[in-house]
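Report on the structure given below.
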Amino acid sequence: MPAVPAWLMRRETLLLAATLAIGASLGIAWYLLQATVLTIAVAPRDGTEPELIKAYADALDTGHENIRLKIVSFDDVRESAAALQDGRADLAVVRPDVLLPTNGLTLAILRDQAMIIASPSQSGIKSFPKLAGKRLGIAAHRDADFSLLNNILGYHGLALDTQPAGGPVREGTVHLVRIDQDAVAAAFRDKRIDAFVSIIASSAPKALALVGAVRSVARNGKVEFVAVEDDGAILERFPRLQAVTIPGGLFAGDPKLPSDDVKTVGASYRLMARASLGRVIAADVTQQLFEKRTAAAVKTDAAEYVQAPAYDTTAAATSARIPIHPGAIDYYEREQHGFVDRYGDTLYLLGALAGGLFSALAWLRQRLSSLRRERIDEIIDRLLEVTEQARALTDPAAIEALNVEVDRLATEAVRYAREREPNDRTMAAVSIAIDTAKATIADCRNLAVPAEDQASPRILRPVRRHGPDA
């Protein structure tokens, strides 16, 4: 059997192997437990969402949370939604009425937008039919807003005319006039517009300013708001919109505006995740979105408008037209998994791996020990063979070769004794075998005939034997 390298049996070697095994396990644990980096597609560039998401990303970095965001910006929400649908992003800012990703599930609503149509009371515009043949002012204008407004007017039998005004507005149409936000009051005074529309978060500072501008030109400060009476039917026609109620008195003042709740429709900017994103990670993202809201609000007021999507039951949330991610539902219903639930499988695998490594090291140590014990037995057997061979030799060179071999075997036995701490019986047997072999070789060396005298025969004396039969 081949000799086992002595360095394999050293305690230092086994300790190093155990240290490497532990280090490997810790490295795997570090890799599995390090922060999860998610790519988030953000749009529009000129909206409030880029600043909002940047504020959240900074808050996550500052808090050294286990979730980090890699922001990818796009010009339009259609592009950000496409990035989620194509798998280029894990999260995305989405406006469902523009493009709803087939693999997108809602985590939270970043902001709700309501369609607010207001006019001075003297205009007499209290309903959609009254808008026919009127000029409707609009400030910030996006294609998505144009599409929403066009759909609602079309539902009420009105067409939207965006061509430059060149005379009276055609019957059955509403002429859209683009004006600067700071020029709303002046536009009313100059008779350039009869009403004003804005698709905006109803409690946003800009909405308050716009209604204030209409109030400033209204007789006795009275402002009329066009309500969407058939909001249920409209949502059936356009299911990616949502019903919005502007609460009475939201804009305050004397008289308070509006005087009563106003029903309208609107759209929402949502944070959506790919459906394949794990529930635990989705729950963590949703949790951080609300826990870091105060920190994000320091940088942008948009953080104040983040809210949970409304739903009655879990079944309704997951089967809605714009469904909610199960991980977000876990957070909203306080059913998040604890540390053991989250990382139980990982901890189990690490424990099994560590146990397997230690078992392998123990088996290797035992196997090497067995091989070393076998080697010491081979040394004893060889010493006994040398003793027998020496008695039959007369050539001094052959006898000297055996003597060298005995010295080598004795050296190997000493090394074994230093490394392994063998039992006394084994070492006593080795000692006796070495002494016997050395004594026999010494006797044979004395009786051996030199090489130059081998021509003349000599009679060898009997070899002295050791033991009870000597």
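Observations
- The number of residues in segment 313-336 that are part of a loop (DSSP other than H, G, I, E, B), of a type in the set (A, V, I, L, M, F, W, C) and in contact with a Leu (Cβ under 9 Å, 6 or more places away or on another chain) comes to 1.
- Test for residue 94: is it under 28 Å from residue 284 (Cβ atoms) and either touching a strand residue (DSSP E or B) at 6+ places or on another chain (Cβ under 7 Å) or among the acidic types (Asp, Glu) (or both): yes
- Flag for residue 96 being surrounded by fewer than 23 Cβ atoms within 10 Å (Cβ to Cβ) and either of a type in the set (Gly, Ala, Ser) or part of a helix (DSSP H, G or I) (or both): no
- Residue 61 modelled with pLDDT under 95, in contact with a Leu (Cβ under 9 Å, 6 or more places away or on another chain) and farther than 30 Å from residue 220 by Cβ: yes
- Selection within segment 30-58: residues that are touching a strand residue (DSSP E or B) at 6+ places or on another chain (Cβ under 9 Å) and in a loop (DSSP other than H, G, I, E, B). The member of this set that is modelled with the lowest pLDDT is 35.
Let's see how each residue does on (1) farther than 25 Å from residue 332 by Cβ; (2) out of contact with any strand residue (DSSP E or B) (no Cβ under 7 Å at 6 or more places or on another chain):
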site	(1), (2)
243	no, no
256	yes, yes
266	no, no
275	no, no
292	no, yes
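- The condition of being of a type in the set (S, T, N, Q), at pLDDT 85 or above, surrounded by 13 or more Cβ atoms within 10 Å (Cβ to Cβ) and not in a loop (DSSP other than H, G, I, E, B) holds for only one of 436, 426, that being 436.
- Residue 271 closer than 20 Å to residue 59 by Cβ, part of a strand (DSSP E or B) and either touching a residue at least 24 places away in the same chain (Cβ under 8 Å) or out of contact with any helix residue (DSSP H, G or I) (no Cβ under 8 Å at 6 or more places or on another chain) (or both): yes
- Residues that are over 44 Å from the mean Cα position of the chain (by Cα) and outside any loop (DSSP other than H, G, I, E, B) within segment 242-268 comprise 252, 257, listed in sequence order.
- Scanning segment 68-91 for residues that are closer than 17 Å to residue 286 by Cα, out of contact with any Asp or Glu (no Cβ under 9 Å at 6 or more places or on another chain), buried (at least 17 other Cβ atoms within 10 Å of the Cβ) and of a type outside the set (Asp, Glu) gives 89, 91.
- Screening 212, 157 for residues that are in the same structural domain as residue 319 (by TED's automatic domain parsing), modelled with pLDDT of 90 or more and at positive phi leaves exactly one candidate, 157.
- Meets criteria (polar (S, T, N, Q) and either in contact with a strand residue (DSSP E or B) (Cβ under 8 Å, 6 or more places away or on another chain) or closer than 20 Å to residue 123 by Cα (or both)) for residue 198: yes
- For segment 402-416, the candidate set comprises residues that are surrounded by 15 or more Cβ atoms within 10 Å (Cβ to Cβ) and hydrophobic (A, V, I, L, M, F, W, C); within that set, the residue that is farthest from residue 431 (Cα to Cα) is 402.
- Taken residue by residue, segment 305-312 has at least one member that is modelled with pLDDT under 95, in a helix (DSSP H, G or I) and either crowded, with 17+ Cβ neighbours inside 10 Å or among the acidic types (Asp, Glu) (or both).
- Residue match in segment 103-114 (condition: touching a residue at least 40 places away in the same chain (Cβ under 8 Å), out of contact with any Cys (no Cβ under 8 Å at 6 or more places or on another chain) and of a type in the set (Asp, Glu)): yes
- Extreme residue, nearest to residue 105 (Cα to Cα), among residues of segment 285-318 that are β-branched (Val, Ile, Thr) and within 23 Å of the chain's Cα centre (by Cα): 318
- Within segment 274-303, if we keep just the residues that are basic (Lys, Arg) and in a helix (DSSP H, G or I), the residue that is nearest to residue 120 (Cα to Cα) turns out to be 293.
The values are calculated or read from the model by the stated rules, or taken from the named source; none is laboratory data. Note that the structure is a prediction, hence the values are computed from the model and not measured. Heads up, the Cβs are rebuilt from the backbone with ideal geometry, glycines too, and the neighbour counts pull from every protein chain shown.
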